[in-house]
Amino acid sequence: MDSLFWDVNWTEIKTEEWLPKEQNILQQDKWIIEGYIDGNHIDRLKNSDLIIYLDLSGHICAFNGLKRWWKFRTQPRPEMASGCTDKLDLRYIWTMFTRKERPEIERALSTIALEKIIRIRSLKDIKIYLNSL
């Protein structure tokens, strides 16, 4: 989804430009969307067959955020436009650590049938789930 939202040098793409692209993705027979969930993107949830929610602890999320920053501190991630190099943003790391986005995610998920949601709460559970595929 970052490739839909961001243009060169972290220039935010206007909603009216990325929304039709997202809708195009959602109309396909098969698709995978990774990223943040909130009430503004409920179509993603409603059009999905399966939602894998990594409901991990704050310290795991913050640690992984730091790892991602370290890995991509000198070059943009592969899905990002030129000039979109990750910066160390302590407020973002704190948001992950304290899981401040969780209530909004939970509200969005509350509108979806429970049988469509796989909630994974630990790194061990990720391994178990992946081994079951």
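The values are calculated or read from the model by the stated rules, or taken from the named source; none is laboratory data. Worth saying up front: this structure is predicted, and the values here are computed from it rather than measured. Glycine also receives a Cβ, built like all others from the backbone with ideal geometry; neighbour counts cover every protein chain displayed. Only protein heavy atoms, including side chains, enter the accessible area calculation; ligands, DNA and RNA are left aside. Shrake-Rupley method; radii C 1.70, N 1.55, O 1.52, S 1.80 Å.
Just for segment 105-125: of the residues that are within 16 Å of the chain's Cα centre (by Cα) and of a type in the set (A, V, I, L, M, F, W, C), which one is surrounded by the fewest Cβ atoms within 10 Å (Cβ to Cβ)? Explain how you work it out, then say what you get.
From segment 105-125, those within 16 Å of the chain's Cα centre (by Cα) are 105-109, 117-121; that's our starting set.
Restricting the remaining residues to those that are of a type in the set (A, V, I, L, M, F, W, C) gives 105, 108-109, 117-118, 120.
On the way: ILE105: 16, ALA108: 19, LEU109: 18, ILE117: 15, ILE118: 13, ILE120: 17.
The qualifying residue surrounded by the fewest Cβ atoms within 10 Å (Cβ to Cβ) is ILE118.
Per-residue answers, yes or no, for (1) modelled with pLDDT of 90 or more; (2) touching a Lys or Arg at 6+ places or on another chain (Cβ under 9 Å); (3) at negative phi:
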| position | (1), (2), (3) |
| --- | --- |
| ARG44 | no, no, yes |
| ILE52 | yes, yes, yes |
| ALA62 | yes, no, yes |
| TRP70 | yes, no, yes |
| GLY83 | yes, no, no |
| ARG91 | yes, no, yes |
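Just to be sure I understand, how many residues within segment 16-34 are open to solvent by 70 Å² or more (accessible area, probe 1.4 Å) and among the β-branched types (Val, Ile, Thr)?
1
Being within 15 Å of ASP7 (Cα to Cα) and among the hydroxyl-bearing types (Ser, Thr, Tyr) is the filter here; which residues of segment 68-82 pass it?
The one that is within 15 Å of ASP7 (Cα to Cα) and among the hydroxyl-bearing types (Ser, Thr, Tyr): SER82.
Condition first: over 21 Å from LYS124 (Cβ atoms) and touching a strand residue (DSSP E or B) at 6+ places or on another chain (Cβ under 6 Å). Now tell me which residues in segment 53-108 satisfy that.
Across segment 53-108, the qualifying residues are ALA81, CYS84.
Residue-by-condition table, conditions (1) within 27 Å of GLU115 (Cα to Cα); (2) more than 17 Å from the chain's Cα centre (by Cα):
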site: LEU4; (1), (2): no, no
site: ASN9; (1), (2): no, yes
site: GLU12; (1), (2): no, no
site: ILE33; (1), (2): yes, no
site: ILE37; (1), (2): yes, no
site: LEU56; (1), (2): yes, no
site: CYS61; (1), (2): yes, no
site: LYS87; (1), (2): no, yes
site: MET96; (1), (2): yes, no
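Sort through LEU45, LEU50 and tell me the only one that's within 27 Å of SER122 (Cβ to Cβ), open to solvent by 70 Å² or more (accessible area, probe 1.4 Å) and aliphatic (A, V, I, L, M).
Unique residue meeting the criteria: LEU50.
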